[in-house]
Each structure stands twice: as C-alpha cells, then as structure tokens.
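Here the structure comes first, spelled out in structure tokens, and everything after it is commentary.
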Amino acid sequence: MDSEDRPIGFFDSGVGGISVLKEAVKILSNENFVYFGDSKMAPYGVRTVEEVKKLTFNAVEFLLKKNIKALVVACNTATSAAIIDLRKAYSKYMPIVGIEPALKPAVECNRKGNIIIMATPMTLAESKFNNLMKRYSNSNILPLPCSGLVELIEEGKTEGEEIEHYLEEKLIPLKGNGIAAVVLGCTHYPFIKKSISKVLNQDVLILDGSKGTVRQLKRQLIKYHIESNKSKIGKIKIFNSMNSQYIIKLSYKLLKE
C-alpha cells in the first residue's frame, strides 16, 4: 500500500470522536480512516491521569497495527493527559493531532454574557486547560464539569427527556447572567447540540473543536506529503473495545447523522 493510501487513525474513549471523524470525512473525503473507540473503559474523564495515559497508549498501539499514517486524538481528556507523551513516543513516525475546546472563536465572537465550557472533570482540572484559561483571562469564562454526560451519550441518548433533564439542571441556573456561547469541551457533546439549543431556548453559539482539529490534520498531511491523491471516496473502518454490535451500529449511525 502506498504511504498516501494508508489510513488516518482516530481514537476516542468511546463514540465521541465520531463527531470529529464526521468533519474529517467531509473535508478529506478521499482519505481512508480507521477509528478506535474505547467504550469498554469509558468514561476517561473520571480516571486518573496515569490511567488515561495507559489506556491511550494501548489504543494507539492497536491503531499502529492498522498501518496508520497519522493519528488524531479525538478525545479532549486523552489530549489533556497524554498528548505530550504521545508526541515524544511517536511523532518521528507520524503527525499527531489533538483537540482542545474552541475557546478562541467563542471569545472572538465578542458577544455579551458568559462563555460556558462543558467538559469532563479531568479536562477542566488539567494544566493544558488551565493554560488555555489564562490565555483568555479577560473574558467571562465559566467551566462546567459534566459528570455522567458521556455515559448517557454512550447509551445513544442524544435527545429526549433524560438528556434534557440533565442539561436543564446544569444550564438553567447559568442563564440569569446571560450566556454568550457554549463551548463543547468533549467530543461526545456535539451529538447533543440540538438538545442544548432546546434547553437554552435562546440565541446562543454552540461551538466545538472539530473543524479546527481537522484543519490542523490537513495541514500536517500536506506538510509531510502524505495526503491522498486518490479521486475516489475513501473507506472508513470502526473498531471498539466493547465486544458489542450495538456500539458499532451506534458509531456508524452517529457518523451518518
């Protein structure tokens, strides 16, 4: 297989990274992709940093056996915990792209009100996120830890009473001071954008880091001269640590939505 035809590896703690893969398929439609979701060990956001690092390296080793030419860590928690170590270990072999909350575009929109960042507890506790907060210290940014939300989405609950009740408890108390934007700091959360809009019932920007991540991926493919030169649509293969047809079907369903 030519190096340009080798797949791009995507990894997440579960089905969340499918939201980033969707964006990649739109922009890099002639590329081949292989996706690994670690739903068996999800959520990562409640684990220790060392646990997340170990799980992340295990996932990357799985993807390396699929002969990937580039790696996208499509998980905010894994990016926060492991991206530096991953680059030390593997960047001489391939480009490695992580994801971070889309805080910059939220701040640049310059809307009145607070910027809410929804994320897992670990993402919000890590130094990578704190450094991001310092960069925009002049803005009104409210971190919002969302324990339990990943689990609901892993169960396929992206709309309906249960997810709306969860979001109401989290977001309604914050509406009083005005919400300028909601930044989705976990790749699972784009699948509940409609539910967030419904609960807030107002003109609020809802932003995630998928587009920025895929733009960076494209730049890296060009930089290393490994972009596909095929004209036909690429192939997508999805794997998951949970031995369940349900989770594979859910992954393909989310990819097509």
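A short reminder: the numbers here are calculations on the coordinates, not readings from a lab. Computed from a predicted model, the values in this text were never measured in an experiment. Note that we place each Cβ from the backbone using ideal geometry, even for glycine, and neighbour counts take in every protein chain shown.
Considering only the other residues whose Cβ falls under 15 Å of the Cβ of residue 39, what net charge follows from Lys and Arg at +1 and Asp and Glu at -1? Before the final figure, lay out each step's value.
Working: positive: 40, 47, 157, 249, 253; negative: 12, 38, 151, 154, 155.
Once positives and negatives cancel, what remains is 0.
How much of the calculated P(r) for the chain lies past 22 Å, in percent of all Cα pairs?
On the way: 17399 of 32896 pairs.
Above the 22 Å cut-off, the chain has 53 percent of its Cα pairs.
Mind checking the stretch 22-121 for trypsin sites (Lys or Arg not before Pro) that DSSP puts in a loop (not H, G, I, E or B) and that have at most 12 other Cβ atoms within 10 Å?
Numbers: sites: 22, 26, 40, 47, 53, 54, 65, 66, 69, 87, 88, 92, 111, 112; in loops: 47, 65, 66, 69, 92, 111, 112.
Sparse-neighbourhood loop trypsin sites (Lys or Arg not before Pro): 65, 92, 112.
What is the local net charge at residue 139, summed over the other residues whose Cβ is closer than 13 Å to its Cβ (Lys, Arg +1; Asp, Glu -1)?
+4
Ordered by residue, what ³J(HN,Hα) values in Hz, to whole numbers, does the stretch 145-154 give under the Karplus form 6.51 cos²θ - 1.76 cosθ + 1.60, where θ = phi - 60° and Gly and Pro are x?
x, 10, 4, x, 6, 4, 4, 4, 5, 4
How compact is the stretch 103-208 by the rule of thumb for globular proteins, expressed as Cα Rg over 2.2 N^0.38 Å?
Values: Rg = 13.2 Å, N = 106, 2.2 N^0.38 = 12.9 Å.
Ratio of Rg to 2.2 N^0.38 Å for the stretch 103-208: 1.02.
Given contacts defined as C-alpha pairs under 8 Å and at least six residues apart, what's the relative contact order of the stretch 158-210, whole-number percent? Spell out each step's value before the answer.
Working: 46 pairs, mean separation 26.0, N = 53.
Across the stretch 158-210, relative contact order equals 49 percent.
Arrange 186, 146, 75, 109 by Cβ neighbour counts within 10 Å, fewest through most, would you?
On the way: 186 29, 146 23, 75 35, 109 12.
So the residues, fewest neighbours to most, are 109, 146, 186, 75.
In the neighborhood of residue 210, defined by Cβ-to-Cβ distances under 9 Å, what is the net charge if each Lys or Arg adds +1 and each Asp or Glu adds -1? Write down the numbers at each step before the final one.
Numbers: positive: 22, 211; negative: 23, 208.
Taking every other residue near residue 210 into account, the sum is 0.
Going down the list 235/256; 104/134; 92/223; 54/134; 157/193; 26/232, which pairs span over 18 Å between their C-alpha atoms?
Working: 235/256 14 Å; 104/134 12 Å; 92/223 14 Å; 54/134 28 Å; 157/193 12 Å; 26/232 13 Å.
Listed pairs above 18 Å: 54/134.
Can you compute the modelled spin-label distance between residue 127 and residue 57, with each label point 7 Å from Cα toward Cβ, in nm?
1.8
Provide the gained length on full extension for the span residue 219 to residue 111, in nm with one decimal, where the gain is 0.36 nm per separating residue minus the Cα-Cα distance. It would help to have the intermediate numbers written out before the result.
Values: separation 108, 0.36 × 108 = 38.88 nm, distance 2.99 nm.
Extra length available between residue 219 and residue 111 comes to 35.9 nm.
Non-local amide H neighbours of residue 236 (under 5 Å, H modeled in plane, Pro and chain starts lacking H): which ones?
Hits under the 5 Å cutoff: 33.
Farthest toward the dipole's positive end in the chain, which of 121, 172, 236, given Cβ charges of +1 (Lys, Arg) and -1 (Asp, Glu) about the Cα centre?
Going by the Cα projections, it comes out as 236.
Enumerate the calculated ³J(HN,Hα) couplings along the stretch 6-22 in order (Karplus 6.51 cos²θ - 1.76 cosθ + 1.60, θ = phi - 60°), each rounded to whole Hz, writing x wherever the residue is Gly or Pro.
Those phi angles translate into 5, x, 8, x, 10, 9, 8, 5, x, 8, x, x, 4, 5, 7, 4, 4 Hz.
How high is the relative contact order of the chain? Use alpha-carbon pairs under 8 Å, at least six apart in sequence, and give a whole percent. Write out the running numbers ahead of the final one.
On the way: 454 pairs, mean separation 77.5, N = 257.
RCO, the chain: 30 percent.
Any chance you could run the full-extension gain for residue 66 through residue 40? It's 0.36 nm times the residue separation minus the Cα-Cα distance, nm to one decimal.
Values: separation 26, 0.36 × 26 = 9.36 nm, distance 2.00 nm.
Using 0.36 nm per residue and subtracting the Cα-Cα distance, I get 7.4 nm.
Pull up all non-local amide H partners of residue 72: gap of 5 or more, or a different chain, and H-to-H distance under 5 Å with H placed in the peptide plane.
Counting only residues 5 or more places away or on other chains, the set is 9, 10, 11, 97.
Per DSSP H run of n ≥ 4, the term is -39500 (n - 2.57); total these for the chain, divide by its residue number, and report the mean residue ellipticity at 222 nm rounded to 500 deg cm²/dmol. Can you show the working numbers first?
Values: 11 runs with 112 residues, N = 257.
Result for the chain, helices only: -13000 deg cm²/dmol.
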